[in-house]
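J.: Questions regarding the structure given below will be posed in turn.
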Amino acid sequence: MDAVAEPVTQPVRLRGRSYLAFVLTPVVPVIEWLKDLSAVELSRSAITHLILSLEKKNIRVLGIEGVDAALLTSTMPPALSGGRTCAVALAEPERPEVKPAVASLMLDSPVRSGQSVMFLEGDVTVLGSVGSGAEIVAGGSIHVYGTLRGRAMAGVNGNPTARIFCQKIEAELLAIDGYYQTAEELDAGLRNRPAQAWLDGGIMRIAPLI
């Protein structure tokens, strides 16, 4: 006859943990919080009515504190004691990252003849040259690290503080905030030299870069 194995009882380990719960504390005047709740001590029937009222509002009561334990019945949530006040901070909603507006445009290749570059939001920087017949239009300043042979128009959005810089000036036209000079007006002593252009009281000044 086969022996019947006795069931083996596995030990169960219970670990105590702390839980965060909301505590509803009556505050006078309580008629605005719950019509049938008052600031005086509640009777057993009043406690029962309060629990049922909260359940109708989908509020589950896990325990009751601050009342006489003799007033609680077996069908009510258990009495609690020793609870500690916990301040709950409201977390601010996460705000989307705001990227700063682009204030400059950099071109790492030459602007060839016939090409037009327009950037009204800020400065334009050209690491190469600007060919004859090409055009640069900027809301801010214009920086050309090579030869400027085409047209450069800076401060077109009404920015009189904008400037034009270049390593070699052979420009067909320079303009800042609507004031301009053509190639015919350019001083011959400035040609093929590093130069800058700016406005001085409504007059365009062009000078070599030192």
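J.: Find out how many positive minus negative residues lie around S141, taking Lys and Arg as positive, Asp and Glu as negative, among other residues whose Cβ is under 10 Å from that of S141.
T.: 0
J.: Also, quick follow-up: Considering amide H positions built from the backbone, and no H for Pro or chain starts, which residues 5 or more places from L186, or on another chain, come under 5 Å of its amide H?
T.: none
J.: I would also like to ask the following. Excluding W198 itself, what net charge comes from residues whose Cβ is under 11 Å from its Cβ, given Lys and Arg +1 and Asp and Glu -1?
T.: Neighbourhood net charge equals 0.
J.: Sequence-distant or interchain residues sharing an amide H contact under 5 Å with A79, placed H: which?
T.: Excluding prolines and chain starts, which carry no amide H, the hits are I64.
J.: Over segment 135-189, with the other protein chains present, what is the accessible area per residue in square angstrom, probe 1.4 angstrom?
T.: Per-residue accessible area for segment 135-189 comes out at 44 Å².
J.: Another question, if that's okay. What per residue convex hull volume, in Å³, comes out for segment 161-210 when only alpha-carbon positions are used?
T.: Taking only Cα atoms, segment 161-210 has a hull volume of 70 Å³ per residue.
J.: Collect residues whose amide H, placed 1.01 Å from N in the peptide plane, falls under 5 Å from the amide H of N159; neighbours closer than 5 in sequence don't count.
T.: Correct list: D177.
J.: Also, I was wondering about something else. Can you tell me the length gained on complete extension of the stretch A70 to L54, counting 0.36 nm per residue apart and subtracting the Cα distance?
T.: Result for the pair: 3.6 nm of gain on full extension.
The values are calculated or read from the model by the stated rules, or taken from the named source; none is laboratory data. Bear in mind the structure is a predicted one, so any value in this text is a computation, not a measurement. Every residue, glycine among them, receives a Cβ derived from its backbone with ideal geometry; neighbour counts consider all protein chains shown. Protein only, heavy atoms only, side chains kept; ligands, DNA and RNA dropped before computing areas. Shrake-Rupley method; radii C 1.70, N 1.55, O 1.52, S 1.80 Å.
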